[in-house]
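Report on the following structure.
The values are calculated or read from the model by the stated rules, or taken from the named source; none is laboratory data. From a predicted model like this one, the values you see are computed outputs, not experimental measurements. Cβ placement follows ideal geometry from the backbone for every residue including glycine, while neighbour counts extend to all protein chains displayed. In case anyone asks, the SASA skips ligands and DNA or RNA and just uses the protein heavy atoms, side chains included. Shrake-Rupley method; radii C 1.70, N 1.55, O 1.52, S 1.80 Å.
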There are 2 protein chains.
Amino acid sequence: MERLKGFRDVYPDEAERRKKIFHVAERCSEEFSFRKVEFPSLELLDLYRLKSGSDLLNQTFSFIDKGGREVTLTPEATPSVVRMLVARKDIRFPAKWYSFQRYWRYEDPQSGRQREFYQYNADIFGVDSIESDAEIMGLSCYILDSLGLGGKYRLLINDRPLMEMILRSLGVENPLQAFPVLDRIRKIPESELLEALISIGMTQQKADALLSIVGRRYDFGDDPFTSAGIGGSQFDTRFSRIKATWALLKKYTSSSIFLDLSVVRGLGYYTGMVFEAFDSSGSLRSILGGGRYDGLAEIMSGRRVPAVGFGMGDAVLEILLNEHSLLDDPSSGGITVCFTSANIYPYALDACMKLRSMGFRTDIVLSDKSLSAQLKQASSDSAYAVIVGEEEMKKGSLTIRNLKDGIQTVVSILDSEGIKNALK
Amino acid sequence: MERLKGFRDVYPDEAERRKKIFHVAERCSEEFSFRKVEFPSLELLDLYRLKSGSDLLNQTFSFIDKGGREVTLTPEATPSVVRMLVARKDIRFPAKWYSFQRYWRYEDPQSGRQREFYQYNADIFGVDSIESDAEIMGLSCYILDSLGLGGKYRLLINDRPLMEMILRSLGVENPLQAFPVLDRIRKIPESELLEALISIGMTQQKADALLSIVGRRYDFGDDPFTSAGIGGSQFDTRFSRIKATWALLKKYTSSSIFLDLSVVRGLGYYTGMVFEAFDSSGSLRSILGGGRYDGLAEIMSGRRVPAVGFGMGDAVLEILLNEHSLLDDPSSGGITVCFTSANIYPYALDACMKLRSMGFRTDIVLSDKSLSAQLKQASSDSAYAVIVGEEEMKKGSLTIRNLKDGIQTVVSILDSEGIKNALK
């Protein structure tokens, strides 16, 4: 019996290391006053036909269910969240929501990309402002920083309307055609890029000009546009908005933030600011990505609800955290309760339950083993052994042995403070 | 755009109440020294053909994937966990594993039963003992007790080998045929039960005798068997084992535990002790259920690995916890940072990030609103408002207003202790 290709079995050592990702994301969301939501793993395929793009549709695990419905395992969060949002009329705006669930895409598995993965997702609905753009990007940085990745990643920002103005001023009539090309800028050779740009209506000269500004990261004090002949009042307004967002974002993180015109995001529904985070070495796929999508609710329901959000998968994040040794080794702390003979077991169980109820990770040997075999198991699993025999049972005491230094303490089973001190 | 029948959208108030279920189950598992595992949501359908029973197979969300494989959304945990276990030769026994994921069954949705649900699952592998039987049932009670359900549920225990001996002594040649009948004992009229038992070879008299002992709960001091002419040394050995398990189980919980011969569990793979928990009023479906299944690993891999475990869905549990008001209302605590005018926003954001980094749930108004509108939002969302204006910005201070009593405190933004005290 095999597991399916692209799906993971996560064994205890790995699962316990990964817990940190879920815990930190939840804690940060709460500190930012985002509220949790859950939504189905299965949706009507039509939900993704609206705006997700054909690439994504081709990658779905979709099928006809027993009721004859064309359904799919959810490949991304946004359509479900927006469906949920517009299904109720009593949501008070702004609404700040987060979720952390599994998603599925039928792609070729590779490093940082499985067919099943967890994705953290956060969105702010009901407000279109510099402050909310900064808040959502700020949350993404706050999570990475809280995971210990401060200084080890770069946040790259761009803006869809700005890009459309740049592309139009360089002779591209339909800027949407250029986004898929730009999305591949670091993946295909420059000659191919040039060819692709010329094929959508650019001259060689303009394509060169475009690639010269698109292929680089800028600080927010830089102005790569004036010298390239790009400008105008509409352009300046948009560029100012990004710079103002960046200024606020510096309040959230001290990590590097750049303007990067090659960040355009694949999905069709973005309408404003877009962003991605990459590890500083640039060797991994993006850690997270998102942007503003003010049009999706209206397409679904006729009601306009401004929205900005991002998604962050578990796979690249886990690789990066492991590279930097930022996931704790599974606790070798904890206690194993050992007993001298089988008739002591009921008292040993009393001791065990006492320690558990105090919050200690406590194990007890569940089969008939000699004390020395029990102590051997304790040594490999735990930081402490609690040993009980006839003497301890008679007196209602515990012998607590520190397995590192061998020092033993005898305390009463009723003495919670004494037990705590012996286990420090 | 509708969601699918039997699938849930969980909005923030509900999602935040439900967090307790996940947190308590995780904490209890850790205190019991169980280790987390994760496994796929999609498996080959063949995995369930081995031993899950045709009822379950008929309820799967199964389909042919793009690679031509017959796959299914996982309907239960056990086959995946055992597949994972036998896939590695380096697992040290006993292994105590838990998981908490989603499962799917194509059944008619009703109260406490959705087509998509979460299930907590815990297993002990590699040991067949009274102690491990007690440990797994003890964990199930410990979780219910920790959720606040102590005294509000009953644990009902039975034993498959014991039942087989009882059924054989009452003239049933193939006891496995009787289990599906007994499983419906509280759901169908007695006349139908009798008819079904006679159809599998019992006389009217023996069927009456069976129903007279099966339809009741017994304390572990009771002996309903001798008077019914059931006994023998093999029987006594098995009955003693259950009574010894029960005696240990009393160390784990003070909730009610009964012997109930109607608890037989639907799934085919159980080989020993089986158990279920019900709410005391008996009006809901079972809260959790499990048992010993020593044969499944061998069927899958040829290697014998004793196993005992249980599963607990989120749906019945959530209903029960809500009935007893044991899920906290979503925090109306927290802080909203308010500012007197837009030029103060950067300083307000400094205050906000200071409070977040101290672990407080902190919100800030993300659009241009008057101070009074901000304070109105604060009053409905938060326990405290932190107000900053020109004065505060100049001095580097915060005005902290308790929104219940209106009392205000002014503290320096650098004074973490002072901030903590004002927010107590």
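Summary of computed values
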item: Solvent accessible area, Å² - residue A:11, 1.4 Å probe, full protein context; result: 20
item: Gyration tensor (alpha-carbon) shape descriptor, segment A:139-277, a/c threshold 1.5; result: prolate
item: Segment B:264-393 - Rg (one decimal) and Dmax (whole number), Cα, Å; result: 26.9, 77
item: Whichever lysines have a C-alpha closer than 18 Å to that of residue A:424, once near sequence neighbours (fewer than 8 apart) are set aside; result: A:354, A:404
item: Threshold 50 Å² - residues in segment A:1-17 whose accessible area is reduced by that much or more when the chain is no longer isolated, probe 1.4 Å; result: A:1, A:4, A:9, A:10, A:11, A:12
item: Mean accessible surface per residue for chain A, computed with a 1.4 Å probe while every protein chain stays in place, in Å²; result: 39
item: Cross-link pairs beyond the 28 Å C-alpha cut-off, checked among A:395/B:152; A:420/B:251; A:20/B:152; A:19/B:96; A:36/B:376; A:369/A:395; result: A:395/B:152; A:20/B:152
item: Kirkwood hydrodynamic radius over Cα pairs of the protein assembly as shown, then Stokes diffusion coefficient at 37 °C and 0.692 mPa s, in µm²/s; result: 109
item: Scattering curve values for segment A:94-209, log₁₀ I(q)/I(0), Debye with Cα scatterers, q = 0.12 Å⁻¹; result: -0.72
item: Gyration tensor verdict on segment B:257-340 (Cα atoms; rounded if a/c is under 1.5, prolate if a/b is larger than b/c, oblate otherwise); result: oblate
item: Rg in Å to one decimal, and Dmax rounded to a whole Å, for chain A via C-alpha atoms; result: 27.8, 93
item: Mean Cα-pair separation over length for chain B, i.e. relative contact order, pairs under 8 Å, 6 or more apart, %; result: 16
item: Peptide-level mean, for A:395-405, of C-beta atoms on other protein chains within 10 Å; result: 0
item: Averaged over A:357-363, number of beta-carbon atoms from partner chains that fall within 10 Å; result: 4
item: Copy-to-copy label separations for residue B:92, where each label sits 7 Å from Cα toward Cβ, in nm and ascending; result: 5.3
item: Accessible-area composition of segment B:224-309, carbon plus sulfur, in percent [1.4 Å probe]; result: 50
item: Scaled radius of gyration (Cα, divided by 2.2 N^0.38 Å) that segment B:316-402 gives; result: 1.34
item: Segment A:306-366-segment A:237-254 distance, computed between alpha-carbon centres (Å); result: 42
item: Minimum Cβ-to-axis distance in chain A for the rotation onto chain B, with residue, whole Å; result: A:63, 2
item: 7 Å along Cα→Cβ, label-point gaps from residue B:109 to other copies, nm, shortest first; result: 3.2
item: Solvent-accessible surface (1.4 angstrom probe) belonging to residue B:88, in square angstrom, nearest 10; result: 90
item: Rounded accessible area of residue B:300 (nearest 10 Å², 1.4 Å probe); result: 30
item: Interface area, A with B, accessible, probe 1.4 Å, both sides summed, Å² nearest 100; result: 8200
item: Loop-resident sites, segment A:70-125, for GluC sites (Glu not before Pro), counting at most 16 other Cβ within 10 Å (DSSP); result: A:107
item: Efficiency of FRET between residue A:379 and residue B:177 - r from beta-carbon atoms, R0 45 angstrom, step 0.05; result: 0.35
item: Förster radius 22 Å - calculated FRET efficiency between residue A:226 and residue A:203, Cβ distance, rounded to 0.05; result: 0.60
item: Rel. contact order, % - alpha carbon contacts under 8 angstrom, at least six apart, segment B:318-365; result: 41
item: Other-copy label distances relative to residue B:223, 7 angstrom Cα-Cβ extension, nm; result: 9.9
item: FRET efficiency for residue B:402 and residue A:329, using Cβ-Cβ distance with R0 set to 30 Å, rounded to 0.05; result: 0.10
